[in-house]
Amino acid sequence: MEAYRVVNKVPTKVLTFGTGIGDNLLDVKHLVLLFPGNPGIIDYYREFMKELYVRLRSKYPKLNIPVWGISHAGHQTEGSHEYTFPYLNENPEVYSLEGQCTHKVKFLESFVPPHINVIGIGHSIGCKVWMETLKRMDEHINSIAEPKKRPNISKVFMLFPTIERMRYTPNGQRTLPLLKWSKFLTPLLWPISLLPLCVQKWMIQFHFRGTPVPECALPATLQLFNYDIVKRIAFMAKCELEQVVELDTAAVEKYMGKLFFYFGTTDGWCPLTFVDEMKERFPKLEHKVCENGFVHAFVLENSSGMADFLKDEITLASEDAKKDEDLMEK
């Protein structure tokens, strides 16, 4: 199921498998919530989310464990004709990296009831957004005399994390010059956006030729022909390269019991040197270095394999879910 909800002034696409947003959530005790990378087009993750939902349902047939994913603010607009999106030039704060973090906190506060245990998944910059979400929810709770009850976030799986020194990574070095010229390059998309849909689809199919990408990749990539979306994506990327500098060691230390890191061996956004430094700095870090050759953009090639891995890890991290099922079987 998919739906749009206005979050922090921005119409936002939410993709759900199982009990959906707006449904009765009283029987939902555990919910998986995905924050994407950049571009934050949640449709890229459709196949992965479906595979994970099916595996969790098979593992816990008597439990209702929905899998939800939320697009980044302004990164997806198809099917939202009745909504108006704030202009980037007039509202940069809602599309910045900080704005995207606020966006996710407000989503949790508005649409996830406090009785639900949230199992987070972050991909790429979505990992940084999850770390900031954990911090901001704590700060907000501690600043209110009678805090509103919020869902418990029990675990966050950090897949191919980009949480430090982004501009100094191999991919960061390649991306930085493009962003410097983005205000001149993005207007070139305007004539492409006017091409017939069949031509745009052919261009995408030609780009992905020889790569067995899932069907969801085509409609997701069509969003990148939208001039306004690309401007917001580029603006967020610029914020990332400027602001994601030093590792937030205090946050890693504070939330270490909630975080599980999954590192790639060929990840241009998180070199193995970063991984080795993190392991040395945090000997108790819960992590795994990929042994299967998964790429950073795993949703294009490795959705099933990643869903298999997470299904097992979520089982280990969600002992309370196992207890619930055991009680139901008695």
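The values are calculated or read from the model by the stated rules, or taken from the named source; none is laboratory data. Everything quoted here is computed from the prediction, not taken from an experiment. Positions of Cβ are backbone-derived with ideal geometry, glycine not excepted, and every protein chain shown enters the neighbour counts. Keep in mind that these areas ignore ligands, DNA and RNA; they rest on the heavy atoms of the full protein, side chains included. Shrake-Rupley method; radii C 1.70, N 1.55, O 1.52, S 1.80 Å.
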Listed by first then second residue, the pairs whose first member lies in segment 131-145 and is over 16 Å from residue 117 (Cα atoms), whose partner is assigned to a helix (DSSP H, G or I) and at pLDDT 75 or above, with beta carbons under 7 Å and at least 6 positions apart or on separate chains, are 131/251; 132/101; 135/251; 136/101; 136/105
Take the residues in segment 146-169 that are surrounded by fewer than 24 Cβ atoms within 10 Å (Cβ to Cβ) and in a strand (DSSP E or B), then tell me which one is modelled with the lowest pLDDT. 152
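Each row is one residue, and each column tells you yes or no for (1) closer than 28 Å to residue 272 by Cα; (2) surrounded by 10 or more Cβ atoms within 10 Å (Cβ to Cβ); (3) not polar (S, T, N, Q).
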residue: 172; (1), (2), (3): yes, yes, yes
residue: 176; (1), (2), (3): yes, yes, yes
residue: 180; (1), (2), (3): yes, yes, yes
residue: 189; (1), (2), (3): no, yes, yes
residue: 193; (1), (2), (3): no, yes, no
residue: 196; (1), (2), (3): no, no, yes
residue: 206; (1), (2), (3): no, no, yes
residue: 213; (1), (2), (3): yes, yes, yes
residue: 225; (1), (2), (3): no, yes, yes
I'd like to verify a number: residues in segment 73-109 that are free of Cβ contacts under 8 Å to residues at least 40 places away in the same chain and among the hydrophobic types (A, V, I, L, M, F, W, C), how many? 2
Can residue 52 be described as in contact with a Cys (Cβ under 8 Å, 6 or more places away or on another chain) and at pLDDT 95 or above? no
Those residues of segment 84-113 which are more than 19 Å from the chain's Cα centre (by Cα) and under 26 Å from residue 25 (Cα atoms) amount to 113
Within segment 234-250, restricting to residues that are among the hydrophobic types (A, V, I, L, M, F, W, C) and outside any loop (DSSP other than H, G, I, E, B), the one that is farthest from the chain's Cα centre (by Cα) is 250
Determine whether residue 124 is within 19 Å of residue 233 (Cα to Cα) and surrounded by fewer than 18 Cβ atoms within 10 Å (Cβ to Cβ). no
Scanning segment 260-309 residue by residue, those open to solvent by 30 Å² or more (accessible area, probe 1.4 Å) and part of a strand (DSSP E or B) turn out to be 287, 288, 289
Residue identified as open to solvent by less than 70 Å² (accessible area, probe 1.4 Å) and on the phi > 0 side of the Ramachandran plot among 38, 91, 8, 64: 8
Consider residue 81 carefully, then state whether it is in a helix (DSSP H, G or I) and either open to solvent by less than 10 Å² (accessible area, probe 1.4 Å) or closer than 26 Å to residue 232 by Cβ (or both). no
Look through 231, 201 and report the one residue that is outside any loop (DSSP other than H, G, I, E, B), in contact with a helix residue (DSSP H, G or I) (Cβ under 7 Å, 6 or more places away or on another chain) and within 30 Å of residue 304 (Cα to Cα). 201
